[in-house]
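This report refers to the structure that appears directly beneath it.
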Amino acid sequence: MNTSRRGTADAAIKVLTASVARRIDAVVEVLTDVAAGVPPAASDFDYFAAVTRELLMREATRSSLAGAGYAVEYADPVRAPAMVWWVRRGGSIAERTHSVDPESESFYDYAALRWFTAAKDTGAPTLSGPFIDTWGADDYTVTVSLPVSNDSTLLGVIAVDVDVRRFIESLTAEMAEISAPLALVNESDRVVVSTEPSLSTGLPIRPRAARDEPDLPSTRRYPVSGYGWSVVRFGR
């Protein structure tokens, strides 16, 4: 790629990363507004059970979110594990039940999963995925999660599943206009969406043996805000 074409591609990729960041920011903003609305005297679980269902019913989220829910922080022995999760089923909203009883053979240990632990540990919005969500959407998903606190005490984590198929479709056209092979990857360098036919959603962009090596000279990385994702451009 000559210098002028490389410069044009660089500028276009920076526009792309800003576009991706805006989409994520919009989801985080919705979660932040919901998390800030819990009444002081209300049960946080009851409140979020209702409001996450309502969130999926909004016209503005119908084409972007596949699921939403809330999980209680139960490190404090006074609180027991509790979780509610809603998913889209055609034109309706249904509850996807999870066993949160540690003694159950089908125990869903949400407190050990990245979408919960990373939000809890960092105190910040977290992206998890893409992964096949067999417990929720039954498809590739990206979960955006946010810790919920009251007077510095963690109450739980609120989260939504992004509709990855629609997310990918919305980015594919933008990426196709850039004159360089690209991949949007997560913090583990797994593909969210790529213009390289050999790199489908969920695949790593490099062989397992090379995961810990620095980026190859033929690649360049463009961070997506502070979320840990990046756009990787591959050289020819």
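Since every read-out is calculated from the coordinates, none of them should be taken as a lab result. The structure presented is a predicted model; accordingly, all values stated were derived computationally and were not measured. Glycine gets a Cβ as well: all are built from the backbone with ideal geometry, and neighbour counts include every protein chain shown.
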Worksheet item: Looking at the range 172-204, which GluC sites (Glu not before Pro) are in a loop (DSSP not H, G, I, E or B) and have at most 14 other Cβ atoms within 10 Å?
Response: E177, E187
Worksheet item: By per-residue mean of other Cβ atoms within 10 Å, what is the highest-first order of 147-159, 52-64?
Response: 147-159, 52-64
Worksheet item: In whole percent, what relative contact order does the chain give with Cα contacts below 8 Å and a gap of six or more residues?
Response: 18
Fill in: Overall dimensions of the range 107-194 as given by Cα atoms, namely Rg and Dmax in Å
15.2, 50
Item to complete: Report P(r) for the range 41-165: all Cα-Cα distances, bin width 5 Å, range 0 to the bin holding the largest distance, values in whole percent.
Response: 2, 11, 21, 25, 22, 13, 5, 1, 0
Discussion item. Only four residue types carry charge here, +1 at the Cβ of Lys and Arg and -1 at the Cβ of Asp and Glu. Report the dipole size of the range 41-165 about the Cα centre in Debye, rounded to the nearest 20.
Written reply: 460
Practice prompt. Could you please report the charge total around A21, scoring K, R as +1 and D, E as -1 over all other residues with beta-carbon less than 15 angstrom from its beta-carbon?
Written response: 0
Worksheet entry | Stokes-Einstein D in µm²/s, Kirkwood radius over Cα pairs - the chain at 10 °C with 1.306 mPa s viscosity | 83
Worksheet, complete the sentence: Helix 164-176: inclination vs the chain longest Cα principal axis, degrees, rounded to 10, gives 20
Fill in: Simple spin-label estimate for R22 and A112 in nanometres, 7 Å along Cα-Cβ
4.2
